[in-house]
Structures are given as C-alpha cells and as structure tokens.
Amino acid sequence: MKNVRTVVLAGAATAVLALSACGQEGSPETAGGGGATSGGTPAAAPTYAVATDVAITGSPTYDKIKAAGTVKIGVKADQPGIGQKDAGSGQYAGFDIEMAKLMAAKLGLAPDKIEYVETVSANREPFLQQGTVDMVIASYTINDKRKQVVDFAGPYYVAGQDLLVRADEEEITGPDSLAGKKVCSVEGSTPATRIRDNYKDADLVTFDAYSKCVEQLTSNAVDAVTTDDAILRGYAAQQPDALKVVGKPFSEEPYGVGLPKGDTALRNALNDAIEGAVTDGDWKKAYDFTLGGSGTDPEPPTVDRY
Amino acid sequence: MQVVVDNLDVFGRGIWGTVTLFFWATLGSLVLGTVLAVFRIAPSAALRAFGTTYVNVFRNTPLTLIIVFCVLCLPTLGITFGVGTATQYRLYAVLALVAYTSTFVCEAVRSGINTVPVGQAEAARAIGLPFTGVLRLVVLPQAFRAVVPPLGSVLNALLKNTSVASAASNFELISGLRNLVEQNGNAVISVLIGITVAYALLAGVLFAGVGLLERASARNGARA
C-alpha cells in the first residue's frame, strides 16, 4: 500500500515537473511556426512521399538508422518558425522540422519514425561526434571550422542576418542606420559578434534567448533585434501587427544538415534529397507552411557539394 | 588547447566580468546581509517580521527568476539609473545577486550570533550599552569570527551564481564560453575545459583569501 502511494506521488510529481517544463521561456502563447500562414488560418501540414527503395551503401550512419528503424535528429526547440516545441502538445514545428521529415522520407522513414533530440548551439558538434544523434537540422550554419569535425549536406536554406523592429519603426532601415540604437541579440551568436565588430556605433544588448530580445523589443527597451532572417520571420509571423522584418539581409548564413564526419555516402544521398525537393516543389511547400507569409519569398538554395 | 591560447583575450574579458560582478555583489551582500541579520534579532517585532519575510521570499526564489525580473520588469516599471546600457544591465545583475545572496549572508551571520554566549550580551547590557553598542562592540565581532567558514561557502556559491548574469547582457565567463563555442565548433570540449579551469582558479583565489581570514581570526580569538 505504501509502495503504491509512493509510485502515485512520484508520478504526480513527474507530471507537475513535465507541465512546468512546458512553460519554458520562448514558448509563445499561440502555437506559431507551423501553419502560421499570412491569413492566420492554419493550413494542412504538407506530407512528403516516403521512399521505398532506399539503397545507400557505405554509410555507417544509415546502417545504424536502418538497424534501429528510427532516425535521431537534433533540432532546436525555442525558435518559432524554425524549430519549436509546442508548449501544449509537445510537438515540434518549423522549417527545420519539415526538412527533418523530408530527409527522413528520402531515407524511407515515415514522420513517426523520427526521434527529435533537443539541441542547443553548444552541443551540436559533440552530439554528432558521440553518435547521440544521427543528424542535426538546427539552423546550423555551414562554416570551415565546423567542417573540421562534422560534415554538412546542403545548404537547404540560405539565411541572412537581418533586423526585426517594431511595426511603426521608420528610422531603422538597415545595419547602417543602427548608430546609437539599442540592438538585441543572443550572446555568443555570430550575429551578435558581427554587430560588435562591424557596427561599433550600435548599442549592443545581449540575452541568452531571442525570445527575451523580442520581449524587450515589444516593451520598447530595445530598438531592434538582430539574427538570421529565418528566425526573425518566425517572430514576425507570430505578431504581424506589432513587428516587422526590415528585409535587407547583410550576411549569408547557409543552413546545412550536420552529419557525422566522413559519412560521404549519406551526405551525397541527402544532397540529392534537397535538390529533388527543390525540383519537385516539396521545398516550397515546406517553406510556405512554416515561414511563408512573413514577407518576400527567398530563392531556393543551391546545394554545395564540397 | 590551442583554442584557449588563441582566445586569451576572450578569457580575460570573461574573468574580468565575473570578478567585477563578484566584487560588487559581495560588497552589497555583506552589508545588506548583516543589516538583515540585525533586523532578525532586533527588539522590534516589525523589524524581525520584515527580516524574516525578506529572507524567506528571496532565499526561496530561484536566482534566474530574480535576474529576469530585474531585467524585464524594472525597466517597464520605469526603474532605470540614467547610465549607459552596459552599466544599466550590470547594475540590474548586481542588484539581483545582492538581493539573493544577502539572505544567505544573513542566515550565516545569524547563526554566528547564536554562537555568542548569552552572558556576553547580558554583561554588555549590564555596563549600560544600548542595543547597537551591544552588537557593534561585543556580539558582532565574536559572531563574524565564527562565520568565516560558512561565509566562504556563501561567497563561493555567489562566484558561480554570477554565471546567471550572462542571461542579461553581462559579459562574463559563461558569455565568453558561448562566444567561443559558437565560433570554434571544432574545439567545444577544449573551450569547456578552459572555462572550468578559469572558474577553479577564481575559486582557488577566493578560498586562499578565506583561509587567511580564518587563520587571522583564530589568532585574534586566542588572544581575546
């Protein structure tokens, strides 16, 4: 009897913890970044044809995925429109998530065979190196230092650093009009570093999450939020009346699918998958469903087979 | 560990940020903590109630929450200091660290006061000292001698708690860690080890200081 009570109490405690964890910062009150189209009416989620005759030889990662029957994909959980975990349902949504479903489909795995693993910027490389995840699709910019330890397929999206401002803002038209303005970004991120190095007249404020920057922007404590346009579009799509993206990207951040180093066979297969998706319209469907309606549509990316 | 050598400037800025936060927060917490301890043993019931309420509220609120409150709510309430943005956020962080740490200082000092024999205070009162005189001349000097080791632990916790300030526009070691990790994806483990060593060094200096203080107060105690 005592044991039963302990189990029930432990269960209740776990439930409370799980519930409170759902209310994490950065979760919007409304479910955004999935079906958030311009009209505000939720569109049906796109589906991708699951390949049946997959033949990838010489890929240890694919062999591992096939043996397990599931694929572990590292994604972000706090970026609306890109990769976000819904507070209520615990479901992930966003452009990265659509890409994850697309990649899984090309590997012959239905969406329910994907195991999402929450990653933050600091653990993406270690997760790939240690085999905690099979691939990472987490607004992961391809660069040379990262290429030393992981491989990249893609890019599947070319983001650019942009500015998010209040809808009635008229003075800020681009990075050159930031002198004396308070600009918020995430400490340690490439966009923050670029502002610190190249736009010294801007008054940089840094937090640990973009959601806090957006909060500061809506409460007039800062004048602009800066990071990749894809992320900013996600926030703008959530509050189209209050926020807008300036729309003049001033850098190129090619987002790639991170893979364990040396798995060329899988990298080639995923590059084919991205090119195929651009050709057959799946890429456009994924974009329209997640980031569409946030402004001008970007060009589909050109895969870089380095 | 090449990455650490290449980025000594980032480590330097990080250590400086951590040390300044720690310094101001220590100063503030020791003062406010002692005042609170005095409140908690004061003859006035109102002061005692205030001290108890304050300690219980701030001790039981996570520091992250206090910092986020300071940074997100104080400006909305119009509480700003009319200084530059960077200084403003540093002040908010110090404010939050002091509000939180002073409760632990208060409890350490109060436990120290409890080690002073009642006869000491009675004797002090008997020669006509008022409450403040009893505290200042007789009780607190003996109490502080007893609380050096627990205060060392409180300050060590404060040193590490400064890391929470990185969430609110304060450049310190954890901010440095974030910068280095983002830009050196090939050497994440080395960066982590480097930052750990930096904290260990700072804690080492802190404990060396506390050790010196402990020996000094023991000597004074023996002489008294």
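The values are calculated or read from the model by the stated rules, or taken from the named source; none is laboratory data. Treat the numbers as computed from the prediction; the structure is a model and nothing was measured. Methodologically, a virtual Cβ is constructed for each residue, glycine included, from the backbone with ideal geometry; neighbour enumeration extends over all protein chains shown. Ligands, DNA and RNA are stripped out before the accessible areas are found, and what is left, the full protein with its side chains, is counted by its heavy atoms. Shrake-Rupley method; radii C 1.70, N 1.55, O 1.52, S 1.80 Å.
In table form, for the structure just shown:
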read-out: Selection from the range A:170-222 of residues that are in contact with a Gly (Cβ under 6 Å, 6 or more places away or on another chain) and under 20 Å from B:Val181 (Cα atoms); value: A:Ala209
read-out: Unmet criterion (only one of (1) under 22 Å from A:Lys76 (Cβ atoms); (2) open to solvent by 30 Å² or more (accessible area, probe 1.4 Å); (3) of a type in the set (S, T, N, Q)) for A:Asn268; value: (1)
read-out: Options A:Lys72, A:Lys64, A:Lys101; residue that is out of contact with any helix residue (DSSP H, G or I) (no Cβ under 6 Å at 6 or more places or on another chain), basic (Lys, Arg) and assigned to a helix (DSSP H, G or I); value: A:Lys64
read-out: Selection within the range A:240-255 - closer than 23 Å to A:Ala93 by Cβ and not in a strand (DSSP E or B); value: A:Pro240, A:Asp241, A:Ala242
read-out: Only listed residue being more than 14 Å from chain A (Cβ to nearest Cβ) and either β-branched (Val, Ile, Thr) or not in a loop (DSSP other than H, G, I, E, B) (or both), chosen from B:Phe23, B:Phe69; value: B:Phe23
read-out: 2 or more residues within 14 Å of chain A (Cβ to nearest Cβ), crowded, with 22+ Cβ neighbours inside 10 Å and in contact with a Ser or Thr (Cβ under 8 Å, 6 or more places away or on another chain): qualifying helices (runs of 4 or more DSSP H) within the range B:100-197; value: B:173-183
read-out: Residue check, A:Tyr140 open to solvent by less than 10 Å² (accessible area, probe 1.4 Å), at pLDDT below 95 and at the interface with chain B (Cβ under 10 Å from one of its Cβ atoms); value: yes
read-out: Contacts under 6 angstrom Cβ, first residue in the range B:87-107 being in contact (Cβ under 8 Å) with a residue 12 or more places away in the chain, partner among the hydroxyl-bearing types (Ser, Thr, Tyr) and in a helix (DSSP H, G or I), 6 or more apart; value: B:Val98/B:Ser29; B:Thr101/B:Ser29; B:Ser102/B:Ser29; B:Val105/B:Ser29
read-out: Test result for A:Ala51, free of Cβ contacts under 8 Å to residues at least 40 places away in the same chain and either under 20 Å from A:Ala269 (Cβ atoms) or not in a loop (DSSP other than H, G, I, E, B) (or both); value: no
read-out: Tally of residues being closer than 30 Å to A:Ala242 by Cβ and touching a strand residue (DSSP E or B) at 6+ places or on another chain (Cβ under 6 Å) across the range A:117-138; value: 3
read-out: Number of the condition not met by A:Ala273 [criteria: (1) closer than 21 Å to A:Asp228 by Cα; (2) modelled with pLDDT of 90 or more; (3) crowded, with 19+ Cβ neighbours inside 10 Å]; value: (1)
read-out: The range A:149-160, subset away from every other protein chain (no Cβ under 14 Å) and in contact with a Phe, Trp or Tyr (Cβ under 9 Å, 6 or more places away or on another chain), residue surrounded by the fewest Cβ atoms within 10 Å (Cβ to Cβ); value: A:Gly160
read-out: B:Ala37 vs. criteria under 19 Å from A:Lys212 (Cα atoms), part of a helix (DSSP H, G or I), aliphatic (A, V, I, L, M) and in contact (Cβ under 8 Å) with a residue 40 or more places away in the chain; value: no
read-out: Matching option when the condition is β-branched (Val, Ile, Thr) and at pLDDT below 90, among A:Val54, A:Val117; value: A:Val54
read-out: Leading residue by the ranking (farthest from the other protein chains (Cβ to nearest Cβ)) among those in the range A:104-135 that are assigned to a loop (DSSP other than H, G, I, E, B) and crowded, with 19+ Cβ neighbours inside 10 Å; value: A:Leu109
